[in-house]
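What follows is a single structure, written as structure tokens, with notes after it.
The values are calculated or read from the model by the stated rules, or taken from the named source; none is laboratory data. All values reported here derive from a predicted model rather than from experimental measurement. All Cβ positions, glycine included, derive from the backbone under ideal geometry; neighbour counts span all protein chains shown. For the accessible areas, the whole protein counts, side chains as well, though only heavy atoms, and no ligand, DNA or RNA atoms are used. Shrake-Rupley method; radii C 1.70, N 1.55, O 1.52, S 1.80 Å.
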Amino acid sequence: MRCDRCTEKPCRDGMACTACDAAALYADLEDRRMMRAASEVEAEYYGEINRIQEIILFSRKMGYKKLGIAFCAALSEEAAKLSQILENYFEISTVNCKVCGVGKSEMGAMESDKVGPISCNPIEQAEVLNAANTDLNLLLGLCVGHDALFIKYSQAPVVPVAAKDRVIAHNPLGALYCSAIFKRMMKEAKNQETE
């Protein structure tokens, strides 16, 4: 499928363009509860509240008591501010990316003076929050790939608060909204095709 190329979007009106049994996907009661809570937050507050406020409302509707925050050590200040807000509603557990850090050389990972010799440890981050029995885990600026590993090993559902983008203030969509960046990336992509 290439939904990005569809100009009609009949799915918005409940018209399926492919054979599916979407209702069956939500037979699990917990999945259905999550969908209901997410839909309620969206319907009640669409365009009125920010993502952190949405997380609070969603988590409260779900009855979550304990939230985990897996964050990049470079975003420690942001993690502290996020925790300061959330701890008014929930019990909070946090873990930074360098927990039980391992030397990059031991991992077979590339080393660079830009980022230091200690590897991030997203699987350990997930294990720490799994041991804390969190109800929901929040991702705050983990590197591409590290976020994928954290999500893979997290026992609790995961919601991104912010995706790391060191160049565009942790706003990856900025590359699509800024015409100069978008044009440069398209030029790079076209040059890649000719190589």
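Answer with one residue from I52, N171, T194: the one whose Cα lies farthest towards the positive end of the charge dipole of the chain, charges on Cβ with Lys, Arg +1 and Asp, Glu -1. Result: T194.
Computed with a 1.4 Å probe over protein heavy atoms only, the accessible surface of the chain comes to 68 Å² per residue. Name the longest site-free stretch of the chain, where the excluded sites are trypsin sites (Lys or Arg not before Pro) in a DSSP loop with no more than 11 other beta-carbon atoms within 10 Å. The segment 3-113 is the longest one with no such site.
Rounded to the nearest 20, the Cβ-based charge dipole of the chain about its Cα centre (Lys and Arg +1, Asp and Glu -1) stands at 360 debye. Note on T94: accessible area is roughly 70 Å² with a 1.4 Å probe, heavy atoms of protein only.
Taking the 1.4 Å solvent-accessible surface of the chain as the whole, the part contributed by carbon and sulfur is 54%. Semi-axes of the equivalent ellipsoid of region 12-73 are 26, 16, 13 Å, computed as sqrt(5λ) over the eigenvalues of the C-alpha gyration tensor in descending order. Of the residues Y45, Y89, ranked by 1.4 Å probe accessible area with the largest first, the sequence reads Y89, Y45. Which values of log₁₀ I(q)/I(0), to two decimal places, follow from the Debye formula for region 51-148 at q = 0.12, 0.14, 0.24 Å⁻¹ with a uniform point scatterer at every Cα? Evaluating at q = 0.12, 0.14, 0.24 Å⁻¹ gives log10 I(q)/I(0) of -0.41, -0.54, -1.27.
Ligands, DNA and RNA excluded, the heavy atoms of M107 present near 120 Å² of accessible surface to a 1.4 Å solvent probe.
Note on mean projected area of the Cα convex hull in nm²: of the candidates [x] 15.2; [y] 16.5; [z] 14.0, the value calculated from this structure sits at [x].
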